[in-house]
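Here is the structure we will look at, set down as structure tokens.
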């Protein structure tokens, strides 16, 4: 019974690695193409499986932290395609309105600042107390 244990462990490792290679994304596999990893793991069960685990397996992606720019944990922020433009004409119209509003605010601020800096006329000054 103890003599079968190494063979069973190699078989379990081989099946695990073969399934892992097949289910891995093509762009995440390291060092060789996914097809080559399948061939290596299939024909060299022990050595291929160990090589896959060390050199070929995709590294797990760690989620960004808030300091790195991750969005808060709200479902509406994780929606796929959220940042993709859906209607270029509507986007252009929105941006035009934003620019117009920003220009109006800038002009109003300059006007208020200019009016605040302008000296008051003699009629508007309060009388001096004697």
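Counting other beta carbons within 10 Å of each residue's own, what order do 91, 20, 115 fall into, fewest first?
Arranged by neighbour count, lowest to highest, 91, 20, 115 become 115, 91, 20.
Under the 0.36 nm per residue contour assumption, what length would be gained going from the current alpha-carbon distance of residue 50 and residue 16 to full extension?
Gain on stretching residue 50 to residue 16: 11.1 nm.
Only counting other Cβ atoms within 10 Å, I'd like 46, 95, 13 sorted with the fewest neighbours first.
Least to most surrounded, the residues fall as 95, 46, 13.
A short reminder: the numbers here are calculations on the coordinates, not readings from a lab. In this text the structure is predicted, and so the values were computed from the model without any measurement. Every residue, glycine as well, gets a Cβ built from its backbone with ideal geometry; the counts of neighbours run over all protein chains shown.
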